Amino acid sequence: MRTKNGLYFLLIFLVAISACSKRSIGPAVLKAENFRHHVEKFNRMEDENKVNAIPNAQSWDWMKANIPLFDSPQDNFQEIYYYRWWTFRKHIHNTPQGFIITEFLVDRNYADKYNMISCALGHHIYEGRWLHNQQYINDYVNVWFRGNEGGRMKKLLTFSSWTADALFNRYKVNRDKAFVLNMLPDLQSEYQAWEKDRRTATGLFWQTDVKDGMEESLSGGRREQNARPTINSYMYGNARAIAQIAALKGDSTTRSLYNAKADTLKTLITSKLWNPENNFFETVKKGGAGEFAGVREAIGYIPWYFNLADEKHDIAWQQVIDPKGFRAPFGLTTAERRHPDFRTHGCCKCEWDGAVWPFATSQTLTGMANRMNTDKAKPLTDTTYFRLMELYVESQYYRGKPYIGEYLDETTGYWLKGDQERSRYYNHSTFNDLIISGLVGLRPREDDMIEVNPLIPQEKWDWFCLDNVLYHGKILTIIWDKNGDHYKKGKGLQVLVNGKKAGSSENIERLLIKQI
């Protein structure tokens, strides 16, 4: 079996190289070999506890063929960037039905076939959309939706999801119209299943904490059927995405229907889940028919993940800079620190009563980047966003080595399951997508414009570069070189398309460039 897997991987690897060479010229500024030492270090620092499709010995070749290159003057940002691609690769598993991506490397008894768990599917698509070889994501999605004798896998609907939204946002990167159109009936069927099973008389959707992947929270419980900002925002994002995919097809009836669903949900979320007393999106008890839970939680930022919140809700962002709110020494907590029940509900398994979870951190930072990229006045500064990203980077170490796990203590940075094998390489968050679309600021779009808006303070880094980004079938390079003496390509911010200068500015600011 390992021989077959190896041959299959080699074939896919050669196909990826061939496809990439036809459509691009490769990195224009950075040299891949200058970053190989990171992978050699990662390979040396561990016992390879499980080998899936791409073993450690082949990890660098796989990364060189698949990932954007990132260079920065801050070593820990660079190290964790490559570490997260190295760990993502560990979760790619070759099955008889194609590639899939796991959440845990070790088997979980509640997983579906091939150890798949649907809770992290949206994260995997957002992160994986930047890979050059998109067969990994294509196969993975197809197995989930059609791997059970042509139908959905049995446990696809076990957890809330934002799959339609993630797939449409992947389309903005790879322009694979045929794939999203082919998936449209499946995405509609999934949406309708959630409507049938989870929609209440109020029009809102209910979910239990555990089925949101966020058990032991302060706002609910494993069996409480509450209207949560999570599932309702996910369903809004999915409805909007289905409408946009239908528009690609020219299906005006489906587009109008799902836009109407999204508009209705936005009205319900902003009117029923916004607590004016706490100035925050909160869980409402009894499926939306009860009272507010009365606690600010990180899930209150998920509406911004899908761009549904209004400017009047911006006051909520003040809580990410408030030490009594979510700002802790090692990152953003999952519940407000001032609450009397903070860090009291957990029982040593899954503590969502305040500890820092990368799962939630990446959702919050994605929402923050979305808000900071609108034309409205920013509620926070680039300095704040950068510092929160910096805390996220700093938290991803354990016993002096790069590490990504389930959750950590907000004051010590200690990974609470760090010594358990199940937690190692926990694949339930994004990081590299935040570097690419947030920090460096490549904002994927449907149209032919290239939009770049780095959220890096002008005075923070004198240089950085993101290179070898496969976007709309071309290779993009984004360079900031304050004085022009680091990369020797000129001063300021530049965007190259297939190695040729397409746009520039003397300062770090938004660039809009028409693709040729």
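The values are calculated or read from the model by the stated rules, or taken from the named source; none is laboratory data. Source: prediction; values computed, not measured. Heads up, the Cβs are rebuilt from the backbone with ideal geometry, glycines too, and the neighbour counts pull from every protein chain shown. Quick note on the areas: whole protein, heavy atoms, side chains included, nothing else; ligands and nucleic acids left out. Shrake-Rupley method; radii C 1.70, N 1.55, O 1.52, S 1.80 Å.
I need the per residue convex hull volume for region 259-299, using only the alpha carbons, in cubic angstrom as a whole number.
Working: hull volume 3.0 nm³, N = 41.
Expressed per residue, the convex hull around the Cα atoms of region 259-299 is 74 Å³.
What ranking do 389-398, 219-228 get when scored by the average of other Cβ atoms within 10 Å per residue, highest first?
Values: 389-398: 19.7, 219-228: 21.4.
Most protected by this proxy first, the peptides run 219-228, 389-398.
Based on DSSP H assignment, which helices of the chain show an axial Cα extent of at least 24 Å together with a mean Kyte-Doolittle hydropathy greater than or equal to 0.0? Provide the component values of the computation, followed by the final result.
Working: long enough: 2-23 (31 Å, 0.72); 177-198 (30 Å, -0.80); 229-249 (30 Å, 0.15); 252-272 (29 Å, -0.52).
Helices meeting the criterion: 2-23, 229-249.
How big is the dipole moment of region 88-158 about its Cα centre under a simple scheme where the beta carbon of each Lys and Arg is +1, that of each Asp and Glu is -1, and everything else is neutral? Debye, nearest 20, please. Walk me through the intermediate numbers first.
Working: 9 positive and 6 negative charges, 11 e Å.
That gives a dipole near 60 debye.
With N set to the residue count of the chain, report its C-alpha Rg divided by 2.2 N^0.38 Å to two decimal places.
Working: Rg = 21.8 Å, N = 516, 2.2 N^0.38 = 23.6 Å.
The chain yields a ratio of 0.92.
Which residue, Asn483, Gly473, Gly503, has the largest displacement toward the positive end of the dipole of region 470-516 when charges sit on each Cβ (Lys, Arg +1; Asp, Glu -1)?
Farthest towards the positive end: Gly473.
Let me see the pair-distance distribution of region 158-240: every alpha carbon pair, 10 Å bin width, integer percents in order.
With 10 Å bins starting at 0, P(r) equals 17, 45, 26, 11, 1.
Sort largest first and round to whole Å: the equivalent ellipsoid semi-axes of region 448-516, each the square root of five times a Cα gyration tensor eigenvalue. Present the calculation step by step, with values, prior to reporting the outcome.
On the way: eigenvalues 76, 32, 21 Å².
Over the Cα atoms of region 448-516, the ellipsoid semi-axes are 19, 13, 10 Å.
Suppose all protein chains stay in the model; what accessible area per residue would a 1.4 Å probe give for region 225-286, in Å²? Intermediate values should be presented prior to the final figure.
Values: 2290 Å² over 62 residues.
Each residue of region 225-286 exposes 37 Å² on average to a 1.4 Å probe.
To the nearest 20 debye, what charge dipole does the chain have about its Cα centre, counting +1 at the Cβ of each Lys and Arg and -1 at the Cβ of each Asp and Glu?
Dipole magnitude for the chain comes out near 1140 debye.
Roughly speaking, what % of Cα-Cα pairs in region 105-223 are separated by over 22 Å, rounded to a whole number?
Values: 2680 of 7021 pairs.
Result: 38 percent of Cα pairs exceed 22 Å.
Given region 261-375 reduced to its alpha-carbon atoms as identical point scatterers, what log10 I(q)/I(0) does the Debye formula return at q = 0.21 Å⁻¹?
Per q value, in the given order, log10 I(q)/I(0) is -1.26.
Under 20 Å from a label point 7 Å along Cα→Cβ of Asn109: give me every residue in region 419-448 with its amide N that close.
Once the point is set 7 Å along Cα→Cβ of Asn109, 420-424 turn out to lie under 20 Å by backbone N, inside region 419-448.
Return the lysines within reach of Lys376: Cα separation strictly under 20 angstrom, same-chain partners fewer than 8 residues apart disregarded; answer none if there are no such residues.
Hits, sequence-local ones excluded: Lys266, Lys312.
For Ser271 and Glu459 in one chain, what is 0.36 nm times their gap in residues minus the Cα-Cα distance, to one decimal in nm? Write down the numbers at each step before the final one.
Numbers: separation 188, 0.36 × 188 = 67.68 nm, distance 4.03 nm.
So the chain would gain 63.6 nm between Ser271 and Glu459.
Whenever you get a sec, compute what percent of the accessible area on region 160-284 sits on carbon and sulfur atoms (1.4 Å probe). Could you put the intermediate results ahead of the total?
Values: 1910 of 4390 Å².
Ligands and nucleic acids excluded, carbon and sulfur reach 43 percent.
Peptides 454-463, 81-90: what's the order by average Cβ count within 10 Å, highest mean first? Write out the running numbers ahead of the final one.
On the way: 454-463: 16.7, 81-90: 23.9.
Peptide ranking by packing, descending: 81-90, 454-463.
Which order, highest average first, do 156-162, 377-383 follow once you tally other Cβ atoms within 10 Å for each residue and take the mean per peptide? Could the numbers behind the result be given before it?
Values: 156-162: 21.3, 377-383: 14.7.
Listed from highest to lowest mean packing, they are 156-162, 377-383.
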